[in-house]
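One structure is given below, encoded as structure tokens.
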Amino acid sequence: MRPPCVLTIAGSDSGGGAGIQADLKTIMMQGGYGLSVITALTAQNTRGVTAIEAPTPGFVAEQLRVVMDDFPIRAAKTGMLFSAPIIEAVADGLSGKDFPLVVDPVCVAQSGARLLLPEAVAALAARILPLADLLTPNRHEAALLAGMDIDSPADVREAAERLLTKGAKAVLIKGGHFSPAGKDGAARVTDLLAACQGTVREYVRPHVTTHNTHGTGCTLSAAIAAQLALGKRLDAAVEAARDYLQLALETAWDLGGGDGPVNHLAPYQRLLGI
Ligand code: PXL
């Protein structure tokens, strides 16, 4: 038996809800075998991040080298990359890759802590975006990387176009940070997928009212990578990953005094009726 190997290159969340921890749970729930390159350690709980320690760029490069040397990696994702030297090490290590890469351009934690140093934004754009088969920014990350304000659906499309010209082969701008009320009053979240071939597709899901949303972006990008590793096409991979996230959000866990984690176990619980 050989499960598809999925690599996450991201930061550790000691609170277990986001980062590497979210990614490995998500990859396993999609049927993948998860590998991890840890770019930073965060001391955090549901209330926030209190400290960050990063390994040397050389150690990040070595983690990447050994896993790529031994495992048949079918897809990878990046999350928190923290600093320009770590970004350089990751970009160098991935330069000859033969698998799809999902890039979640993590900048700021929900609690407001910076997970990407301000001076590293340019390195992310220059070195990581061109490697991305899919870039998955939220509203704020898309605005930052595209260099514009995003206030309307037309702005979302314009930002997606701009990000495609910066080298990403496809862009999924997530709708979670926009006002969820639709014209008819129904609360929905719309994610927009634009690909360099010119195709555009929207994924619309009912808005889930919960403050337990810690790890949503990590979970979505890891699930997309795992679905790609299983052999799905990009649009089908996003669809399946978005369905997984929806279930994980609907049954999110009310843990800790802040924003609790999404429920990575949700499909298994549904299967067993527990
Ligand atoms: O939100 C993205 C994210 C990514 N990576 C780590 C995080 C978070 C959010 O808290 O802690 C390690």
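The values are calculated or read from the model by the stated rules, or taken from the named source; none is laboratory data. For clarity, every value in this text was computed on a predicted model and none was experimentally measured. We place every Cβ from the backbone using ideal geometry, glycine too, and count neighbours over all the protein chains shown.
Counting only residues that are under 17 Å from the mean Cα position of the chain (by Cα) and either within 16 Å of the ligand (Cβ to nearest atom) or polar (S, T, N, Q) (or both), how many does region 47-97 have? Qualifying residue count for the region: 9.
Entry remark, region 124-149: residues being without any contact (Cβ under 8 Å) to a residue 40 or more places away in the chain and of a type in the set (A, V, I, L, M, F, W, C) number 9 in total.
Being within 30 Å of residue 209 (Cα to Cα), among the hydrophobic types (A, V, I, L, M, F, W, C) and at pLDDT 95 or above holds for only one residue in 144, 117, and it is 144. Among the residues making up region 108-119, those that are more than 16 Å from residue 38 (Cα to Cα), within 16 Å of the ligand (Cβ to nearest atom) and either assigned to a loop (DSSP other than H, G, I, E, B) or over 19 Å from the mean Cα position of the chain (by Cα) (or both) are 109, 110, 111, 112, 113, 117.
Filtered by the rule that a residue be basic (Lys, Arg) and crowded, with 19+ Cβ neighbours inside 10 Å, region 157-174 gives a lone residue, 174.
One residue stands out in region 184-228 among those that are away from the ligand (no atom under 16 Å from the Cβ) and crowded, with 24+ Cβ neighbours inside 10 Å: the one that is farthest from residue 25 (Cα to Cα), namely 228. Here residue 105 fits the description: surrounded by 15 or more Cβ atoms within 10 Å (Cβ to Cβ) and not hydroxyl-bearing (Ser, Thr, Tyr). If residue 86 satisfies all but one of (1) within 28 Å of residue 3 (Cα to Cα); (2) in contact with a strand residue (DSSP E or B) (Cβ under 9 Å, 6 or more places away or on another chain); (3) not small (Gly, Ala, Ser), what's the number of the condition it fails? Tallying (1) within 28 Å of residue 3 (Cα to Cα); (2) in contact with a strand residue (DSSP E or B) (Cβ under 9 Å, 6 or more places away or on another chain); (3) not small (Gly, Ala, Ser), residue 86 fails exactly one: (1). Filter region 95-117 down to the residues that are of a type outside the set (Val, Ile, Thr) and farther than 16 Å from residue 40 by Cα and list them by number. Hits for region 95-117 are 95, 96, 97, 98, 99, 100, 101, 110, 111, 112. Kindly establish whether residue 177 is under 20 Å from the mean Cα position of the chain (by Cα), surrounded by fewer than 18 Cβ atoms within 10 Å (Cβ to Cβ), within 16 Å of the ligand (Cβ to nearest atom) and closer than 25 Å to residue 80 by Cβ. So residue 177 fits the description; yes.
Are there any strands (runs of 3 or more DSSP E) wholly within region 1-101 with 1 or more residues that are surrounded by 21 or more Cβ atoms within 10 Å (Cβ to Cβ) and of a type in the set (Gly, Ala, Ser), and if so which?
So the answer is 5-13, 33-45, 73-78.
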